[in-house]
Amino acid sequence: MKQAGLTPLSAAPTGTNDLKRNALGLPSALAMSLAFISPTIGVIFISSLIGGQAGVASPFIFLLGTIGIALMAVTIAEFARRVTSAGGFYKFITLGLGNRAGFACGMVLLFAYVLQSPLNTNLFGGFVSQALLSDFGVYVPWWILMIAIVLLVGLLAWYSVHASMQFGIAFLIAEVAVAAVLLLLVVFRGGDGGQIPAAFTPTQAIHGWGGLGKAFVFIVLAFFGFESCLTVAEETRNPRRNLPIALVGSVTLAGLWFSFAMYAVVVGFGAKHIDKLAASSEPLRDLAVRYIGPWYGVVIDLAAFSAIIAVLLAIHTANFRVLYALGRDGLLPRALGRTHSVHKTPHVAIISYSIATLVIGLAAGMAWGPINAFGDLGYLSSIAMLPVYVLTNVALPVFVRKFYPSEFSPVVHVLFPIVSSAIFIVGIWLNIHPWPAEPMTSFPIIVLAVVVAAALWGVWLQRSGSPLFHQLGRVLFMEGDAQPHLEDVA
């Protein structure tokens, strides 16, 4: 659903393309991560996916997921304090575990990120089609709406990349406020059958621990992109201080919001009617109609509409730049690296990526239905992130011991990563035992195949001396060869 860490800004040659230093402060960095997390979409759409697996125990698994992601944010923050150029997971794993591990994880990251556009365009098509019919009695096929939104974001990027990214913190606050009014009202009224303290325990999971594990993957989807503030590291004032605060702060704030919102949704539907939550394509709208009135259901739909558009603009803009950078550096046809003579935007890359998004998105939507495609592709994308999280946690103590031995902390650099990794590993295990049903049966195998193929490809490229080994990392994941601030090492 969310995109982060792929904008190849620092892959450009130095000189006129250098990033503007000290342009952003802590509020901007924090807002960027929160915008990519998109708390509104997480509550409006992902809550039913989580509820369908965890049932009444959904708030519990959200709290547990928040702990795992928050400790993951601490790990990344520890890297960001010492490596302050733009970058992310790829660079950190490379510095801690070496080039081969970094390359393999980079390719897995690319796989996870590529799925974000098709899954979100399916969400837009399916959601808007339903909303137009329920709110205004107008039926428009979802696939027409999917084509329309891809054309819209493509045209905005064609004419101005900056114009395509104008959805900011004001929209984020407005969307959360709309949802918060409803959710607070539901809790204060006692929902369908009163408060449910047991929702914060695992005893109420409708599908047992296996259901909690599958719900956990959708929680990863809800937090997707929390590390996006790292992409503006070189533009942020005092990045060693502000980026760690933005990372941990965004996850903490979003996690508290998600946990409260999930509890309010469960209370609103009631423990006896949790099946209705699982079957709902837009649970917040259903609650709005029930507890306030049909008019507030329209307000919720408008908030969801603006949230999806904002996220799609961010995702597409980042991916257009990826194709542009690959073409500019000769790793793909150089035509992709061309810019428009007037607007100076990567118009060939925009057209190519828009076509690819439509092909993948329409195929998934027609096979599973657009709303199901959102959930299924989101599950596949998110489960691919779990091994990347684990390896990043493993890389931290190695990195600190190697470059900053005097700063090594057993608690921060060993205990926290172990706890975070344990949560992720348990999540992985619960998603393969018992083996998932269709259409998710093949998803763990697909992820494993991507990991193995990426690792073998990296070994082959490195042993053959191919420049692709380093070029792909530099172009796709920004400054993979960046080094820590060794001048600080005693």
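The values are calculated or read from the model by the stated rules, or taken from the named source; none is laboratory data. Here the structure is a predicted model, which is why all the values come from computation and not from measurement. We place every Cβ from the backbone using ideal geometry, glycine too, and count neighbours over all the protein chains shown.
Out of the range 375-409, which residues are among the aromatic types (Phe, Trp, Tyr), farther than 20 Å from Gly213 by Cβ and assigned to a helix (DSSP H, G or I)? Within the range 375-409, Phe399, Phe403 meet the criteria.
Restrict the check to the range 96-105 and report whether at least one residue is over 30 Å from Thr201 (Cβ atoms), of a type outside the set (Val, Ile, Thr) and free of Cβ contacts under 8 Å to residues at least 12 places away in the same chain. Let's see the steps before the verdict.
Applying the first criterion (over 30 Å from Thr201 (Cβ atoms)) to the range 96-105 yields 96-105.
This time we only want the ones that are of a type outside the set (Val, Ile, Thr), so: 96-105.
Then keep just the ones that are free of Cβ contacts under 8 Å to residues at least 12 places away in the same chain; that gives 98.
Yes: the range 96-105 contains one or more residues that are over 30 Å from Thr201 (Cβ atoms), of a type outside the set (Val, Ile, Thr) and free of Cβ contacts under 8 Å to residues at least 12 places away in the same chain.
For the range 79-88, the condition holds for at least one residue, the condition being that it is part of a helix (DSSP H, G or I) and crowded, with 24+ Cβ neighbours inside 10 Å.
None of Ala261, Ala318, Ala278, Ala363 is more than 23 Å from Gln116 (Cα to Cα) and either out of contact with any Gly (no Cβ under 8 Å at 6 or more places or on another chain) or modelled with pLDDT of 85 or more (or both) except Ala261.
The single condition among (1) within 16 Å of Leu109 (Cβ to Cβ); (2) modelled with pLDDT under 90; (3) of a type outside the set (D, E, K, R); (4) surrounded by fewer than 18 Cβ atoms within 10 Å (Cβ to Cβ) that Pro439 does not meet is (1). Within the range 99-152, if we keep just the residues that are in contact with a Leu (Cβ under 8 Å, 6 or more places away or on another chain) and among the aromatic types (Phe, Trp, Tyr), the residue that is farthest from Met366 (Cα to Cα) turns out to be Phe103. Which one of these is modelled with pLDDT under 85 and over 16 Å from Asp301 (Cα atoms): Leu115, Leu155, Leu119, Leu95? Being modelled with pLDDT under 85 and over 16 Å from Asp301 (Cα atoms) holds for just one of Leu115, Leu155, Leu119, Leu95, which is Leu155. Of all residues in the range 168-179 being among the small types (Gly, Ala, Ser), loosely packed, with under 14 Cβ neighbours inside 10 Å and in a helix (DSSP H, G or I), which is modelled with the highest pLDDT? Looking at the filtered set, the residue picked out is Ala177. Put simply, of Ile46, Ile37, Ile69 the only residue that is modelled with pLDDT of 90 or more, of a type outside the set (Lys, Arg) and within 21 Å of Ala310 (Cα to Cα) is Ile46. Scanning the range 112-159 for residues being free of Cβ contacts under 8 Å to residues at least 40 places away in the same chain and crowded, with 22+ Cβ neighbours inside 10 Å gives a total of 0.
A search for C-beta distances below 9 Å between a residue of the range 197-219 that is closer than 23 Å to Ile41 by Cα and basic (Lys, Arg) and any residue that is modelled with pLDDT under 90 and not in a helix (DSSP H, G or I), counting only pairs 6+ apart in sequence or on different chains, returns Lys214/His207; Lys214/Asn431; Lys214/Pro436. Among the helices (runs of 4 or more DSSP H) confined to the range 180-294, the ones with at least 2 residues that are out of contact with any His (no Cβ under 7 Å at 6 or more places or on another chain) and over 24 Å from Pro39 (Cβ atoms) are located at 208-222, 239-269.
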